[in-house]
Amino acid sequence: AVLATVSVAAARRVARADAATRAEAVRTARIQRFMLDLLSGGADVAGAPDSLRVVTLLDGGLRDARALDDDPVAQGDLLHTLGSSYRKLGLLARADSVLGQALRLRRTKGTAASASATAAELALLRSDQAQGDSARAYATQALQLAQAPTGGDAAVALAWETRGRVLEVASRNDS
């Protein structure tokens with residue numbers, strides 16, 4: 001009876017791991033398709049025209065990412081990437097909105113590490129906007145999330161790096 005119980009428990013663990021692996025493969029394929037569509041200007045376009053602007057591509061990607069309600073983990077990942085891209089292009093208002101959505105999704109459906117990465121990105125955004133107090137608050141939030149049991153060393157390192165960058169910018173702004 002003990003052997004049968006152990007065998008059943010092991011079979012269930014293997015089945016769960018198999019299901020998780022399959023779900024990750026589907027998510028990866030979906031993200032790859034999303035990125036190819038994004039870079040080509042959309043699924044219905046043979047190739048991206050030379051005049052297509054980066055912002056137009058990102059806006060199309062944002063529309064597509066928001067439609068992924070059936071896969072909130074992938075949606076959170078894509079929103080994080082798009083929000084970060086908007087920030088790097090200097091489109092801070094768009095970045096703020098998109099990263100806020102990504103953080104909400106990642107806090108509820110993602111891992112502590114993914115939520116920490118988005119909080120860190122929001123800290124850098126607030127720093128870009130010269131909002132030192134808010135930047136420090138997001139940096140602290142990123143560190144707290146990273147230090148959760150599912151955070152991981154890479155998330156902790158990113159959170160500390162972000163905190164350092166935010167404090168460096170704040171000290172320059174205060175001078």
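The values are calculated or read from the model by the stated rules, or taken from the named source; none is laboratory data. The model shown is predicted, which means the values in this text are computed figures rather than measured ones. Positions of Cβ are generated from backbone atoms using ideal geometry, with glycine treated the same way; all protein chains shown enter the neighbour counts. To get the accessible areas, we keep the full protein, side chains included, count just its heavy atoms, and leave off ligands, DNA and RNA. Shrake-Rupley method; radii C 1.70, N 1.55, O 1.52, S 1.80 Å.
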(request) Would you kindly derive the ³J(HN,Hα) couplings of segment 98-114 from the backbone phi angles with the Karplus curve 6.51 cos²θ - 1.76 cosθ + 1.60 (θ = phi - 60°), listing them in order in whole Hz, with x for Gly and Pro? (result) 5, 5, x, 5, 4, 5, 4, 5, 5, 5, 8, 10, x, 9, 4, 5, 5
(request) Based on the mean of other Cβ atoms within 10 Å per residue, sort peptides 8-19, 118-129 so the most packed one is first. (result) 118-129, 8-19
(message) Can you give the FRET efficiency to the nearest 0.05 for residue 172 and residue 71, using r as the Cβ-Cβ distance and R₀ = 45 Å?
(response) 0.65
(message) In whole percent, and with a 1.4 Å probe on the protein chains, what portion of the accessible area of segment 94-144 is carbon and sulfur?
(response) 45 percent
(message) Going by Cα centres, segment 103-129 and segment 144-175 are how many Å apart?
(response) 11 Å
(request) From the C-alpha gyration tensor of segment 107-175, pull out the three semi-axes of the equivalent ellipsoid (sqrt of 5λ each), sorted largest to smallest, in whole Å. (result) 22, 11, 7
(message) Between residue 153 and residue 56, what is 0.36 nm times their sequence separation minus the Cα-Cα distance? Round to one decimal in nm.
(response) 31.3 nm
(message) Starting from 0.36 nm per residue, how many nanometres of slack lie between residue 129 and residue 4 once their C-alpha separation is accounted for?
(response) 38.9 nm
